[in-house]
Protein chains: 2
Amino acid sequence: MSKPSLPQGTRDFGPETVRKRNYILDTIKNVFELYGFQPLETPAMENLETLMGKYGDEGDKLIFKILNNGLNDPKNLEKAKIGFDNILSGKSDRNFTERALRYDLTIPFARYVAMNHSLLNFPFKRYQVQPVWRADRPQKGRYREFWQCDADVAGSTSLMNEVEFVHIYDAVFTKLGLKGYELRINSRMVLAALAEKCGGTALLTDITVAIDKLDKIGLDKVTEELSGKGLTPEQIIIIEKYLTIEGDNASKIEGARKLVGDIDQGAKGLSALQFILSKTGPGIPLHLDFTLARGLNYYTGTIFEAKAPAEIKMGSIGGGGRYDDLTGLFGVKDVPGTGISFGVDRIYDVMEELNVFPNDINVSTQVMFLNAGDDNDVFRLMQLLRREGIRSELFHENQKIDRQYKYAEKKSIPFVVSMGNGSIQVKDIRTGIVTVMSEQELLNMRFV
Amino acid sequence: MSKPSLPQGTRDFGPETVRKRNYILDTIKNVFELYGFQPLETPAMENLETLMGKYGDEGDKLIFKILNNGLNDPKNLEKAKIGFDNILSGKSDRNFTERALRYDLTIPFARYVAMNHSLLNFPFKRYQVQPVWRADRPQKGRYREFWQCDADVAGSTSLMNEVEFVHIYDAVFTKLGLKGYELRINSRMVLAALAEKCGGTALLTDITVAIDKLDKIGLDKVTEELSGKGLTPEQIIIIEKYLTIEGDNASKIEGARKLVGDIDQGAKGLSALQFILSKTGPGIPLHLDFTLARGLNYYTGTIFEAKAPAEIKMGSIGGGGRYDDLTGLFGVKDVPGTGISFGVDRIYDVMEELNVFPNDINVSTQVMFLNAGDDNDVFRLMQLLRREGIRSELFHENQKIDRQYKYAEKKSIPFVVSMGNGSIQVKDIRTGIVTVMSEQELLNMRFV
């Protein structure tokens, strides 16, 4: 008998972890609902062609594919062999595998919108909280199964959506107790204008990819990389000027306007950013950050990033942005989108480090009745408590009292009730205080 | 561009469906918590050897296997080919696939208990609500991705667990409004005694499998099948007597005692059933049903089945039972288990047919503000409402009023607010009634 184990990069979530995760997820979902977003769930499996080619070559390699069933049935042998040869030569093949596991929540959302386009009420504001799977090399903080938590609006170009997303981030992080978190904002249009200023939009990807690394490798290495990509010293000076724009939000807008304000895209991007900043109002730590690029290529407008409080070495705990064309890949045109995502696993780690989970989060059962043998009165009383919404249990067997108390302690059950000789004793096992009370008093207790 | 589609047997859940499903799932989870059960979540993927061989030959065929990644990397070619040959010859092969999708929640639970045995607080009462995947031929009411909703106790032989499960079923079905549901109970020990009475425990599987079909094929066909399995007319007469035991619960126990009460297992099983019936008390539709067999072979004690109200042609909406050996398959001995399961998809269909979902379940946004152009006052007021917990949204653009109302109607938003000239008008779009009010009055409204 081999010892059971878990696949690499996957995790069991025991009771305490599930409760803490649900605390985060429920907080986020409630805020999404407060802002008029509606829940959507899509299947874990998608057709292979729905996913392939959507995440770049690297992404394609990380998609988990599902083997067709019945392949070792003799009548499918030939079919399976052809499929296998195809897949080995780099083609994917329906004979062999035609389904794969969800890699993110955006493509399934786009697929859903494309499939249900004529039925939906636009703008369609949906949120989705589900696991995704990636065959990445597992490492600290990187899993093969992890949760995404997205809100997107399909079918609206209004910048009020961006303003709302800023408020959603703030409401969630404030409720979760992440004081000191930071929101950064930029626009892909400004980056596109910068590329144009440097000599052409063809440079946009190179520039974006290089800038995206600024935090990690520093300005010198970024300019080195750009020079390696063939940018001239004159072009690199423009980019350096851009990356070193400083000051408060208003002065930064001014600085950028001097640099790229004469380019149509630049003017539009900057006035969009100005609109979002002015509508957001004070009290929200929203910072214009022209060095924010975000790797994903489908963003075309405003981009966001949420950072953990500076004292925690964690970096991004959320991000998002605007994309002009959500469903074009699936044959439905003119559906713009904008969305944000919360990094649940990282938020969990940050909250652990800051110690901001509520104390009572791990109280499951509130009261345990000692088992002193067959006693219908105990069961009757417990059922009455449960009817009042008090989470209660009876120890399963008439074992030694010590053993029963030990179970209650290990399960963090705060109250233990013993009954006998017509009296009810309630012990608060956190303080050790025992109170004798009547049945009615017990039923009126709140057990907190 | 091919039209996007979903894999056969899978479903998207749009907002209304998610809300209704969550209503069911939250009701069940809350009752599990009231009874001291704690949440567990396990990964969608398990190692292949964790799952294979646990569900019988038919089950093995229905397990979705995941292709190892990087197989079409040239350096993995030889490895992949060997793996492919192995899998074609009926062996599963780690070169080729070493992971598979969860097939049920019981085996992952057993794997979890075995892996964490020394850390757990026994009896370990866990509930688990997650999707499972089976490569079954899709048909009405049968999906390839569906949700299971289980509660199990590991490490207790106390029959009070069974009594609690009866109360859990009753609490859930009552809260969901499923008047007329029925709970049936039997014991595998009684069936084992019947087999012994007929000539030997070797007959238990044949007898159980045949009895399991009684509802569908009738008594004559059952005896025909048993006769085909080689049972003698004398043996079949005993089984017929058993299957036609009638009366209320007490008379049925008497009838069975006469038939198998002299067999040790029979006496034990009957007194267990008697205990559960007597502890359950009146008011719960718990019926002894000696024809209940339940196909799964790992049950060894009490077995349960929950039936939809008789006016709905649906059959089983839940089931469960006791198994002596939960973790033996994973090398950990002496962990008995008992558990129940809710059939969420079927409960959903029954509730739709009975029309018992609460009316307000599909109210997401409670109030929509009309968009009449740039107006900071509207946004400020909306944020105040949201702070009070009122789910609010502002229509995204300054479009025609008709268009804005249409959006609200389609989304079942009950209240629409328009502001202008210093006055606030609130329209209840269900009645058409418009009320003019002050800001303070608006903030005090409950929007139901």
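The values are calculated or read from the model by the stated rules, or taken from the named source; none is laboratory data. As the structure is a prediction and not an experimental result, all values here were calculated from the model. Quick reminder, even Gly has a Cβ in these numbers, built from the backbone with ideal geometry, and neighbours come from all protein chains shown. Side chains included, ligands, DNA and RNA excluded: accessible areas come from the protein's heavy atoms. Shrake-Rupley method; radii C 1.70, N 1.55, O 1.52, S 1.80 Å.
For residue B:326, indicate whether it is of a type in the set (A, V, I, L, M, F, W, C), at pLDDT below 90 and in the same structural domain as residue B:147 (by TED's automatic domain parsing).
Values: of a type in the set (A, V, I, L, M, F, W, C): yes; at pLDDT below 90: yes; in the same structural domain as residue B:147 (by TED's automatic domain parsing): yes.
So residue B:326 passes the test.
Return yes when residue A:172 is out of contact with any Leu (no Cβ under 6 Å at 6 or more places or on another chain), open to solvent by less than 10 Å² (accessible area, probe 1.4 Å), among the aliphatic types (A, V, I, L, M) and within 12 Å of chain B (Cβ to nearest Cβ) and no when it is not. It is false that residue A:172 is out of contact with any Leu (no Cβ under 6 Å at 6 or more places or on another chain), open to solvent by less than 10 Å² (accessible area, probe 1.4 Å), among the aliphatic types (A, V, I, L, M) and within 12 Å of chain B (Cβ to nearest Cβ).
Which residues, taken from region B:396-423, are of a type in the set (Phe, Trp, Tyr) and either open to solvent by 30 Å² or more (accessible area, probe 1.4 Å) or more than 9 Å from chain A (Cβ to nearest Cβ) (or both)?
Residues of region B:396-423 that are of a type in the set (Phe, Trp, Tyr), as a first pass: B:405, B:407, B:415.
Those that are of a type in the set (Phe, Trp, Tyr) and either open to solvent by 30 Å² or more (accessible area, probe 1.4 Å) or more than 9 Å from chain A (Cβ to nearest Cβ) (or both): B:405, B:415.
Do we find that residue A:37 is within 18 Å of the chain's Cα centre (by Cα), free of Cβ contacts under 8 Å to residues at least 24 places away in the same chain and either surrounded by 18 or more Cβ atoms within 10 Å (Cβ to Cβ) or within 30 Å of residue B:332 (Cβ to Cβ) (or both) in this structure? Spelling it out, it is not the case that residue A:37 is within 18 Å of the chain's Cα centre (by Cα), free of Cβ contacts under 8 Å to residues at least 24 places away in the same chain and either surrounded by 18 or more Cβ atoms within 10 Å (Cβ to Cβ) or within 30 Å of residue B:332 (Cβ to Cβ) (or both). Considering region A:173-225, and only residues there that are basic (Lys, Arg) and not in a helix (DSSP H, G or I), the residue that is farthest from residue A:23 (Cα to Cα) turns out to be A:213. Within the span defined as region B:40-52, one or more residues are more than 7 Å from every other protein chain (Cβ to nearest Cβ), at pLDDT below 95, in contact with a helix residue (DSSP H, G or I) (Cβ under 8 Å, 6 or more places away or on another chain) and in a loop (DSSP other than H, G, I, E, B). If the condition is being closer than 18 Å to residue B:170 by Cα and surrounded by fewer than 23 Cβ atoms within 10 Å (Cβ to Cβ), then region B:287-302 contributes B:287, B:289.
The one condition from (1) more than 7 Å from chain B (Cβ to nearest Cβ); (2) open to solvent by 20 Å² or more (accessible area, probe 1.4 Å); (3) over 21 Å from the mean Cα position of the chain (by Cα) that residue A:55 does not meet is (3).
For region A:328-387, the set of residues classified as within 30 Å of residue B:277 (Cα to Cα) and of a type in the set (Val, Ile, Thr) consists of A:365, A:367, A:378, listed by residue number. Just to verify a result, which residue in region A:132-146, among those that are open to solvent by 30 Å² or more (accessible area, probe 1.4 Å) and not charged (D, E, K, R), is farthest from residue A:316 (Cα to Cα)? Only one residue tops the list, namely A:138. Pairs meeting the criteria (first residue in region B:115-131 and within 8 Å of chain A (Cβ to nearest Cβ) and open to solvent by less than 20 Å² (accessible area, probe 1.4 Å), second residue modelled with pLDDT of 95 or more and not in a loop (DSSP other than H, G, I, E, B), beta carbons under 6 Å, at least 6 apart or on different chains) are B:123/B:153; B:125/B:153; B:126/B:38.
The residues on offer are A:253, A:276, A:284, and the sole one that is at pLDDT 95 or above, surrounded by fewer than 19 Cβ atoms within 10 Å (Cβ to Cβ) and more than 19 Å from the chain's Cα centre (by Cα) is A:284. Screening the candidates A:397, A:393 for the property of being free of Cβ contacts under 8 Å to residues at least 40 places away in the same chain and part of a strand (DSSP E or B) yields one hit, A:393. Of everything listed in (1) of a type outside the set (D, E, K, R); (2) touching a residue at least 24 places away in the same chain (Cβ under 8 Å); (3) closer than 30 Å to residue B:43 by Cα, the single unmet condition for residue A:139 is (2). Take residue A:161 and decide whether it is surrounded by fewer than 18 Cβ atoms within 10 Å (Cβ to Cβ), at the interface with chain B (Cβ under 8 Å from one of its Cβ atoms), within 30 Å of residue B:410 (Cβ to Cβ) and of a type outside the set (Ser, Thr, Tyr). No. Which of the residues belonging to region A:94-114 are closer than 18 Å to residue B:3 by Cα, open to solvent by 10 Å² or more (accessible area, probe 1.4 Å) and more than 9 Å from chain B (Cβ to nearest Cβ)? Within region A:94-114, A:94, A:106, A:107 qualify. Restricting attention to region A:336-364, and to residues there that are over 23 Å from the mean Cα position of the chain (by Cα) and not in a helix (DSSP H, G or I), which single residue is surrounded by the fewest Cβ atoms within 10 Å (Cβ to Cβ)? Looking at residues that are over 23 Å from the mean Cα position of the chain (by Cα) and not in a helix (DSSP H, G or I), I get A:363. Of all the listed residues (A:31, A:18), the sole one being touching a Leu at 6+ places or on another chain (Cβ under 9 Å), under 30 Å from residue A:359 (Cα atoms) and part of a helix (DSSP H, G or I) is A:18.
Check whether at least one residue in region A:365-377 is touching a residue at least 60 places away in the same chain (Cβ under 8 Å) and open to solvent by 10 Å² or more (accessible area, probe 1.4 Å), and report yes or no. Yes - at least one qualifying residue is present in region A:365-377. Annotation: residue B:350 fulfils all but one of (1) touching a residue at least 60 places away in the same chain (Cβ under 8 Å); (2) closer than 30 Å to residue B:52 by Cα; the unmet one is (2). With respect to being open to solvent by less than 30 Å² (accessible area, probe 1.4 Å), at pLDDT below 90 and small (Gly, Ala, Ser), residue B:154 falls outside the description.
If the requirement is being buried (at least 16 other Cβ atoms within 10 Å of the Cβ) and either farther than 24 Å from residue A:301 by Cα or touching an Asp or Glu at 6+ places or on another chain (Cβ under 7 Å) (or both), which of these qualifies: A:210, A:195?
Values: A:195 fails: either farther than 24 Å from residue A:301 by Cα or touching an Asp or Glu at 6+ places or on another chain (Cβ under 7 Å) (or both).
Unique residue meeting the criteria: A:210.
Out of the residues in region A:316-332 that are free of Cβ contacts under 8 Å to residues at least 40 places away in the same chain and more than 14 Å from the chain's Cα centre (by Cα), which is farthest from residue A:292 (Cα to Cα)? Among residues in region A:316-332 that are free of Cβ contacts under 8 Å to residues at least 40 places away in the same chain and more than 14 Å from the chain's Cα centre (by Cα), the one farthest from residue A:292 (Cα to Cα) is A:328.
Just need a number here: residues in region A:226-246 that are outside any helix (DSSP H, G or I) and open to solvent by less than 50 Å² (accessible area, probe 1.4 Å).
Of the residues in region A:226-246, the ones outside any helix (DSSP H, G or I) are A:229-232, A:244-246.
Then drop every residue that is not open to solvent by less than 50 Å² (accessible area, probe 1.4 Å), which leaves A:231, A:245.
Adding up the residues that qualify gives 2.
In the set B:344, B:335, only one residue is in contact with a strand residue (DSSP E or B) (Cβ under 6 Å, 6 or more places away or on another chain), under 30 Å from residue B:310 (Cβ atoms) and in contact (Cβ under 8 Å) with a residue 60 or more places away in the chain; that residue is B:344. Of the residues making up region B:380-395, those that are at the interface with another protein chain (Cβ under 10 Å from one of its Cβ atoms) and open to solvent by less than 20 Å² (accessible area, probe 1.4 Å) are B:382, B:385, B:386, B:390, B:392, B:393, B:395. The set of residues in region B:22-34 that are open to solvent by 10 Å² or more (accessible area, probe 1.4 Å) and either more than 7 Å from chain A (Cβ to nearest Cβ) or among the hydrophobic types (A, V, I, L, M, F, W, C) (or both) comprises B:22, B:23, B:25, B:26, B:27, B:29, B:30, B:34.
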